[in-house]
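> Dropping a structure here in structure tokens format, bear with me for questions.
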Amino acid sequence: MECKRARAYSSSANLGSGFDILSMAHTAFFDTVEICVETKNSENIVIESNSKIPLEPNRNSATYPLVRIMEERGIKASLRVKVIKGIPEGLGLGSSGASATAAVMAFSSLFNLNLSKEDLVRYAMYGEIASSGSPHPDNVAASVFGGVVSVVSVNPVKVVEIPLNYSFNILLFVPLNVHIEEKTKKAREMVPKTVKLSDYINNSRYISSLLIGFVKGERDLIRLGLNDEIVEKARLPLFPYYPKIKEIAIKYDAVGSCVSGAGPSILVLTDKMTDENKIAEEGTKTCNEFNVECEVIKAKIAGGVEVERRN
């Protein structure tokens, strides 16, 4: 039985005002997907996992992309897909996107498809449809490429890697006792359909500030850029502790802070000027004030999806 295994890292999407555009891959967590071909010239997908995930191929974020690839490319095979979840689900850390990315990469390697990174993103986006009903590209783009990315087009898929000329570390406040059914779907429904022109202008300023800050290595521009007048405000009921955690982060000289994806996790960027211990201590107390138990995870920028070599 021939098998291939791939690993994809967690990610934080949006990065302030970059809704469905920007995302950052980090080493906080990762998912691994192993795909084995049991027989060819038949069509069947059996799913195994260490987590409670859907076992129907069209509803599973790792396997629905495979269904679409096989349909599009006329591939027939009976597959056994093992999804090893390391990324907590429903916490704004790109869990479904990482599973989809790892699955597509393993499948591409197994069938020698040599898919481009853009094609990996395009197919992995089907995993987001299975998970939330919406093919948002930001998390999968970060998991595919690594680093910080901007999705500049979805039809056709075009992803740009953002040069990072400022060195920073990552703190994540990850709520352990928060579970919101169909969280991503609900969070997307909370996004306003229309916005004030002044908010749009402010958000445009934020996203340009963030990108210029990364490229030029300017700390103050990165801090200013990690703000949002529209989506974070609309979703605040999902993470009411966020404003105070952000205030604490800035008080102790973090580079900046924002909501990780659709939340409820919170992303904090730090550097040598930051008092990480104080942020972790007071931020955890803030979570407790809202009856939320937060784990603080330290991480760094991650690379892109990789096929694991078997010993």
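> List every residue pair whose Cβ atoms sit under 8 Å apart, with the two residues 6 or more apart in sequence or on different chains, where the first one lies in the stretch 68-80 and is farther than 18 Å from residue 100 by Cα and open to solvent by less than 30 Å² (accessible area, probe 1.4 Å) and the second, anywhere, is among the polar types (S, T, N, Q) and modelled with pLDDT under 95.
Pairs that qualify, where the first residue is farther than 18 Å from residue 100 by Cα and open to solvent by less than 30 Å² (accessible area, probe 1.4 Å) and the partner is among the polar types (S, T, N, Q) and modelled with pLDDT under 95, are 77/39; 77/41; 77/42; 78/39; 78/42; 78/44.
> I've got another one for you. Can you tell me which residue is least open to solvent (accessible area, probe 1.4 Å) among those in the stretch 246-293 that are outside any helix (DSSP H, G or I) and charged (D, E, K, R)?
Of the residues in the stretch 246-293, the ones outside any helix (DSSP H, G or I) are 252-275, 290-293.
Subset that is charged (D, E, K, R): 253, 271-272, 275, 293.
On the way: 253: 52, 271: 19, 272: 199, 275: 63, 293: 102 Å².
Ranking the candidates gives 271 first.
> Right, something else. Which of the following residues is surrounded by fewer than 19 Cβ atoms within 10 Å (Cβ to Cβ), modelled with pLDDT of 95 or more and under 22 Å from residue 30 (Cα atoms): 182, 161?
Working: 182 fails: modelled with pLDDT of 95 or more.
Among 182, 161, only 161 is surrounded by fewer than 19 Cβ atoms within 10 Å (Cβ to Cβ), modelled with pLDDT of 95 or more and under 22 Å from residue 30 (Cα atoms).
> A further question on this structure: Taking residue 209 as meeting all but one of (1) assigned by the TED database to the domain that holds residue 267; (2) over 22 Å from residue 265 (Cα atoms); (3) open to solvent by 70 Å² or more (accessible area, probe 1.4 Å), write down the number of the exception.
(3)
> List every residue pair whose Cβ atoms sit under 6 Å apart, with the two residues 6 or more apart in sequence or on different chains, where the first one lies in the stretch 276-287 and is of a type in the set (S, T, N, Q) and the second, anywhere, is open to solvent by less than 40 Å² (accessible area, probe 1.4 Å).
Here the result reads 284/294; 286/241; 286/245, each pair linking the stretch 276-287 to a residue that is open to solvent by less than 40 Å² (accessible area, probe 1.4 Å).
> Kindly provide the set of residues from the stretch 15-27 that are under 11 Å from the mean Cα position of the chain (by Cα) and either open to solvent by 10 Å² or more (accessible area, probe 1.4 Å) or outside the structural domain of residue 100 (by the TED database) (or both), ordered by number.
Applying the first criterion (under 11 Å from the mean Cα position of the chain (by Cα)) to the stretch 15-27 yields 15, 20, 22-26.
Result: 20, single match.
> Sticking with this structure for a sec: I'm told residue 121 meets every condition in (1) within 30 Å of residue 255 (Cα to Cα); (2) touching a residue at least 40 places away in the same chain (Cβ under 8 Å) except one. Can you identify the failing condition by its number?
Every condition holds for residue 121 apart from (2).
> Out of all the residues in the stretch 256-292, which are of a type in the set (A, V, I, L, M, F, W, C) and farther than 24 Å from residue 234 by Cα? Even if it seems obvious, please write down each step before you answer.
Filtering the stretch 256-292 for residues of a type in the set (A, V, I, L, M, F, W, C) gives 258-259, 262, 266-269, 273, 279-280, 287, 290, 292.
Selection gives 273, 279, 280.
> A further question follows. Looking at this structure, is residue 115 open to solvent by 10 Å² or more (accessible area, probe 1.4 Å) and in contact (Cβ under 8 Å) with a residue 60 or more places away in the chain? Working first, answer last.
Values: open to solvent by 10 Å² or more (accessible area, probe 1.4 Å): yes; in contact (Cβ under 8 Å) with a residue 60 or more places away in the chain: no.
Answer is no for this residue.
> Related question: Restricting attention to the stretch 121-144, report how many residues are open to solvent by less than 10 Å² (accessible area, probe 1.4 Å) and either within 13 Å of residue 304 (Cα to Cα) or touching a His at 6+ places or on another chain (Cβ under 9 Å) (or both).
So the answer is 7.
> When both residues are 6+ apart or on different chains and their Cβ atoms are under 7 Å apart, which pairs have a first residue that lies in the stretch 186-210 and is under 14 Å from residue 235 (Cα atoms), and a second that is basic (Lys, Arg) and surrounded by 14 or more Cβ atoms within 10 Å (Cβ to Cβ)?
Taking only residues 6 or more apart or on different chains, the pairs are 187/235; 190/235.
> Scan the stretch 192-212 residue by residue and report those that are aliphatic (A, V, I, L, M) and assigned to a helix (DSSP H, G or I). Can you show your working first?
Step one: filter the stretch 192-212 for residues aliphatic (A, V, I, L, M), giving 195, 197, 201, 207, 210-212.
Of everything in the stretch 192-212, those that are aliphatic (A, V, I, L, M) and assigned to a helix (DSSP H, G or I) turn out to be 197, 201, 207, 210, 211, 212.
> I've got another one for you. Taking the stretch 81-127 as the region of interest, how many residues are charged (D, E, K, R) and at pLDDT below 95? Reasoning before the result, please.
Keep residues of the stretch 81-127 that are charged (D, E, K, R), which gives 82, 85, 89, 117-119, 122.
Adding the requirement that they be at pLDDT below 95 leaves 89.
Matching residues across the stretch 81-127 total 1.
> From (1) closer than 30 Å to residue 4 by Cα; (2) modelled with pLDDT of 95 or more; (3) of a type outside the set (Ser, Thr, Tyr); (4) surrounded by fewer than 18 Cβ atoms within 10 Å (Cβ to Cβ), pick out the condition that doesn't hold for residue 309.
(2)
> Sticking with this structure for a sec: Residues that are closer than 20 Å to residue 19 by Cα, among the aliphatic types (A, V, I, L, M) and assigned by the TED database to the domain that holds residue 78, at least 2 per element: which helices (runs of 4 or more DSSP H) completely within the stretch 98-191 meet that? Walk me through how you get there before you give the answer.
Numbers: elements: 117-132, 138-145, 183-189.
Qualifying helices (runs of 4 or more DSSP H): 117-132, 138-145.
The values are calculated or read from the model by the stated rules, or taken from the named source; none is laboratory data. In this text the structure is predicted, and so the values were computed from the model without any measurement. Heads up, the Cβs are rebuilt from the backbone with ideal geometry, glycines too, and the neighbour counts pull from every protein chain shown. Surface areas here come from the heavy atoms of the whole protein model, side chains and all, with no ligands, DNA or RNA. Shrake-Rupley method; radii C 1.70, N 1.55, O 1.52, S 1.80 Å.
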